[in-house]
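Before any comments, here is the structure.
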Amino acid sequence: MKKIFILLLGIMFIVTGCTQKENNQDSLSKILQRGKIIVGVKFDTKPFGYMNQNQQLIGFDVDLAKYISKIILGDENKVVFKQVTPSNRILALNSGEIDMVIATMTITPQREEVIDFSIPYYIAGQAIMVPQDSKIKSISDLNRKKVIIVFGSTAEDNIRLRAPEANIIGFKTYTSGYSALKQGRADALMSDDTILMGFTMADKSLKLLPQRYSKEPYAIGFKKGQDSSRLRKKVDFILKDMRASGELKQLKNKWVKY
Ligand code: GLU
């Protein structure tokens, strides 16, 4: 009886010891052990992360994820892509569902309180998209107008600040916001110029107003804390190298055609 008890105790010790060891691994070790990087990207944000006609996921952020995978795991095809939206990407990171977010995500002080960021890899600016025949000329004209934003995006805060009387209509994704504008359910859509130009380039019934209302430095997001520290430093190193070698510029030339 005593022997069985000691044996059981031993097994328990080994089992809990093992799981503890796994839990203790930081993000980078987990990636190396699993041989895959799980990256949150957008699926509807041309030209950063979107589905082409053949249902292939492509874009600037997608290529960036592949490049990081090539450096960390020696193969650009070791990325598992998961779809994120502006309103669920922070939760997806902090719950451990994904290792990093590469999704046109701006560094902001509020976000820095809940997640960690890499150095920036792209600078966008906020703009306003309206129908071609619209009388709206600037952000102050948006007061008492219906303005579309995507929930959880930086435009949501900015519009409340700069046009406090605007009637804000929120959507979960950019494609649903775009459709609503097309159907005349609102007067304007506010977001980053990069994303809006993805729409206006393909659809001449809409235009972008010339002014920019913010600076949006895009960076890669990580779960907050020590666990991600080595991974974040590694990614910073990769980004610096991509900047120095011209690789980042090449990505910009490939995807951002304006
Ligand atoms: N860059 C902005 C943001 O991080 C808008 C794009 C997006 O929603 O991903 O909120």
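Here are the numbers for this structure:
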quantity: Scope the stretch 94-106; condition farther than 29 Å from LYS145 by Cβ and within 11 Å of the ligand (Cβ to nearest atom); matching residues; calculated: VAL101, ILE102
quantity: Residues that are in a loop (DSSP other than H, G, I, E, B), buried (at least 20 other Cβ atoms within 10 Å of the Cβ) and in contact with a strand residue (DSSP E or B) (Cβ under 6 Å, 6 or more places away or on another chain), drawn from the stretch 34-48; calculated: LYS42
quantity: Residue, farthest from the ligand (Cβ to nearest atom), within the stretch 107-138, restricted to residues that are of a type in the set (Val, Ile, Thr), assigned to a strand (DSSP E or B) and touching a Leu at 6+ places or on another chain (Cβ under 8 Å); calculated: VAL130
quantity: Near pairs, Cβ below 7 angstrom, 6+ apart or cross-chain, from the stretch 146-165 (in contact (Cβ under 8 Å) with a residue 24 or more places away in the chain) to any residue that is surrounded by fewer than 24 Cβ atoms within 10 Å (Cβ to Cβ) and acidic (Asp, Glu); calculated: LYS146/ASP187; VAL147/ASP187; ILE149/GLU156
quantity: ILE238 vs. criteria under 22 Å from ARG111 (Cβ atoms), of a type in the set (A, V, I, L, M), within 16 Å of the ligand (Cβ to nearest atom) and not in a strand (DSSP E or B); calculated: no
quantity: Some residue of the stretch 215-232 being surrounded by fewer than 20 Cβ atoms within 10 Å (Cβ to Cβ), in a loop (DSSP other than H, G, I, E, B) and within 16 Å of the ligand (Cβ to nearest atom); calculated: yes
quantity: Identity of the residue in the stretch 158-178, in contact with a strand residue (DSSP E or B) (Cβ under 9 Å, 6 or more places away or on another chain) and part of a helix (DSSP H, G or I), that ends up nearest to the ligand (Cβ to nearest atom); calculated: TYR174
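Since every read-out is calculated from the coordinates, none of them should be taken as a lab result. Because the structure is predicted, anything quoted here is derived from the model rather than measured. Using ideal geometry, Cβ is built from the backbone for each residue, glycine included, and neighbour counts are taken over all protein chains shown.
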